[in-house]
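Chemist: The structure follows.
The values are calculated or read from the model by the stated rules, or taken from the named source; none is laboratory data. Nothing here was measured: the structure is a model prediction, and the numbers come from that model. Here the Cβ positions follow ideal geometry from the backbone for every residue, glycine too, while neighbour counts run over all protein chains shown. Ligands, DNA and RNA are excluded from the accessible area calculation, which covers all protein heavy atoms including side chains. Shrake-Rupley method; radii C 1.70, N 1.55, O 1.52, S 1.80 Å.
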Amino acid sequence: QVQLVESGGGLVQAGGSLRLSCVASGSIYRRHIMGWYRQAPGKQRELVATRTSSGTTNYADSVKGRFAISRDNANKTVYLQMNSLNPEDTAVYYCNLKHSQYLLGSYESDFWGQGTQVTVSS
């Protein structure tokens, strides 16, 4: 089974930076998407950033130019570098993995971490 563990959240002043980490254990199929999602109080969970196994990245409009997703394949870790944070970034951030043993079609497996709290003060 794949397990994901996030870390790096905390309290930061507006304009500051944080780097979140997500360490994966278990076997990950070659075709996969690693992503970060967040959920603010009273709101639905939303996509923040994703990175495919081929290296393609995608960002929510609200974080473009401020956040960057990256991977360390040797240590099976994905990072989210967050710069120029503002109070609207306050949320619980979740690491997500979707992967598939097939070349085409939907990703049949979906895993989530436990979440890490990010709070940005104004």
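Chemist: Leaving out same-chain residues fewer than 8 places away, which aspartates and glutamates sit with a Cα under 14 Å from that of Lys43?
Modeler: Straight-line reach from Lys43, under 14 Å: Glu88, Asp89.
Chemist: Quick one: Cα convex hull volume of the chain, Å³ per residue?
Modeler: It is 104 Å³ per residue.
Chemist: Give the carbon-plus-sulfur fraction of the accessible surface of the stretch 34-84 in %, rounded to a whole number; probe 1.4 Å, heavy atoms of protein chains only.
Modeler: Answer for the stretch 34-84: carbon and sulfur cover 42 percent of the accessible area.
Chemist: Please name which of Thr50, His99, Val63 has its Cα lying farthest along the dipole of the stretch 24-116 towards the positive end, using unit charges on Cβ (Lys, Arg +1; Asp, Glu -1) and the Cα centre as origin.
Modeler: Toward the positive end, the furthest listed residue is His99.
Chemist: Measure off 7 Å from each Cα along the Cα-to-Cβ vector at Arg66 and Gln13, then give the distance between these two points in nanometres to one decimal.
Modeler: 1.7
Chemist: State in Å² the accessible area per residue of the stretch 1-51; use a 1.4 Å probe, count heavy atoms of protein chains only, and round to the nearest integer.
Modeler: On a per-residue basis, the stretch 1-51 sits at 58 Å².
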